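The values are calculated or read from the model by the stated rules, or taken from the named source; none is laboratory data. What you are looking at is a predicted structure, and each value in this text was computed from that prediction instead of being measured. Note that each Cβ is placed from the backbone with ideal geometry, even for glycine, and that neighbours are counted across all protein chains shown. Just the protein is used for accessible areas: all its heavy atoms, side chains included, with ligands, DNA and RNA removed. Shrake-Rupley method; radii C 1.70, N 1.55, O 1.52, S 1.80 Å.
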Amino acid sequence: MDSKQHTQPSGTVAPKPRIEFVDLAKGFCIILVVLFHLQLYMAYYTPFDWMARSFRMPLYFILSGLFFKEYEGFLGFLKRKTNKLLIPFLAFYLLSNLVLPFLGSLVGLCSFNWKMPFAFFLERSWPNVAIWFLWCLFSMNLAFYTIVLIAKKGNKYKIAIMLALSFLLGAVGYTLSQKQIQLPVFWDTACTAMPFFCMGYIMNKYTDILRPNKFDKYILPMILVLALATKLLANNTLDYKNNIYLMSFPRIYICGICGTLCVLFIAKVFKRIPFISYWGRYSIIILVTHYELRPFFVETVRLLGLPEYATLIISLVLMMFSYMLIIPLMIKFFGYITAQKDVIEV
């Protein structure tokens, strides 16, 4: 966190300083996401992947829940979530499913049919499928806003009501998974992941996890315990995008929360790491663009004839460091569709 105080012009509100270790945690998270999608493209998986699957997406959901706010009311809340989540989703969805395929068909690079723009409603995959998370998170924010409004009526039982409603939705999503029933537009995943989002909100609202506190002196042993618990409990397959879980209901959430806390505490120890913290701050730009860039980096590195594990690591490093150039360009030229500038005035 930046401890410097800046004098603001009269009549303006000073922006809250960023919490540096949260940017670092986001950086770790987006690296895990890019690594997984590179593995998916190469059909080559590291031994660490089975463990990372248990907390990679929960980490994203909990980090998102940490900063949930009701703002000045539902309209203000909706405007902000539209700017930060819905507009980037729509922009990059239409770009990958309508604009680029249509232009490519005109010059003979690919075929195009008019079902492609509707893939979001008809199936769970499309060219830039990584952006599914933005829509899912938008849906979860709206649902959790409702949960908070209901919980407020419970006064001193507010936390219990939020947890009960969130885990009820989680049970619905998990049951759908076990019965192999998929709801449209990732609503099933939104249900299953709701407890993670709720836990993030509770951590920020009712604990000192984001601030220096008396428990920080135990942070190193806590990291070891949490890492060991995640390693021992994580197994089998988890696929949040497709809402597929071959783990028991309690185990999903224990692994997700333990793994997430482990990453958060590691980030709290280091506070800031060059490059990684920067990638975390602008993780949405990496999220919406990296999936389509994978073939370029992997196929270029494959020309070297290296083993698959070396190709994977070098591709990851090259792709991540390419964002030191891509991020400033995206901020300058595409700020409105990458959540850096507001399309709707708030």
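Worth pointing out:
- Members of segment 22-53 that are at pLDDT below 95 and among the polar types (S, T, N, Q): Thr46
- Scope segment 318-346; condition in contact (Cβ under 8 Å) with a residue 24 or more places away in the chain, of a type in the set (A, V, I, L, M, F, W, C) and on the phi < 0 side of the Ramachandran plot; matching residues: Met319, Met320, Phe321, Met324, Ile326, Ile327, Met330, Ile331, Ile337, Val343, Ile344, Val346
- Residues of segment 32-47 that are open to solvent by 30 Å² or more (accessible area, probe 1.4 Å) and outside any loop (DSSP other than H, G, I, E, B): Phe36, Leu40, Tyr41.
- Residue within segment 54-65 that is open to solvent by 20 Å² or more (accessible area, probe 1.4 Å), assigned to a helix (DSSP H, G or I), closer than 30 Å to Leu233 by Cβ and hydrophobic (A, V, I, L, M, F, W, C) present: yes
- Pick from segment 170-183, criterion assigned to a helix (DSSP H, G or I) and polar (S, T, N, Q), ranking: surrounded by the fewest Cβ atoms within 10 Å (Cβ to Cβ): Gln178
- Scoring Asn155 on the criteria (1) open to solvent by 20 Å² or more (accessible area, probe 1.4 Å); (2) in contact (Cβ under 8 Å) with a residue 60 or more places away in the chain; (3) not hydrophobic (A, V, I, L, M, F, W, C) leaves a single failure, condition (2).
- Residue pairs whose Cβ atoms lie under 6 Å apart, separated by 6 or more positions or on different chains, with the first residue in segment 251-272 and buried (at least 24 other Cβ atoms within 10 Å of the Cβ) and the second in a loop (DSSP other than H, G, I, E, B), are Cys255/Ser54; Cys255/Ala234; Gly256/Phe55; Gly259/Ser54; Gly259/Phe55; Thr260/Phe55.
- From the options Phe186, Phe167, Phe196, residue that is farther than 20 Å from Pro250 by Cβ, hydrophobic (A, V, I, L, M, F, W, C) and either at pLDDT 95 or above or part of a helix (DSSP H, G or I) (or both): Phe186
- Close pairs from segment 220-240: first at positive phi and at pLDDT below 95, partner part of a helix (DSSP H, G or I) and surrounded by 13 or more Cβ atoms within 10 Å (Cβ to Cβ), Cβ under 9 Å, at least 6 apart: Asn236/Trp50
- Qualifying residue in segment 304-313 (condition: assigned to a helix (DSSP H, G or I) and under 23 Å from the mean Cα position of the chain (by Cα)): yes
- Only one of Met247, Met222 that is surrounded by fewer than 22 Cβ atoms within 10 Å (Cβ to Cβ) and either outside any helix (DSSP H, G or I) or basic (Lys, Arg) (or both): Met247
- Residue within segment 315-333 that is basic (Lys, Arg) and either at pLDDT below 95 or within 22 Å of His37 (Cα to Cα) (or both) present: no
- Which numbered condition Tyr336 fails, given (1) open to solvent by 70 Å² or more (accessible area, probe 1.4 Å); (2) among the hydroxyl-bearing types (Ser, Thr, Tyr); (3) in contact with a Leu (Cβ under 8 Å, 6 or more places away or on another chain): (3)
- Some residue of segment 284-299 being within 29 Å of Phe196 (Cβ to Cβ) and open to solvent by 70 Å² or more (accessible area, probe 1.4 Å): yes
- Just one of the listed residues (Ser283, Ser315) is closer than 30 Å to Phe167 by Cα and either of a type in the set (Ser, Thr, Tyr) or without any contact (Cβ under 8 Å) to a residue 12 or more places away in the chain (or both), namely Ser283.
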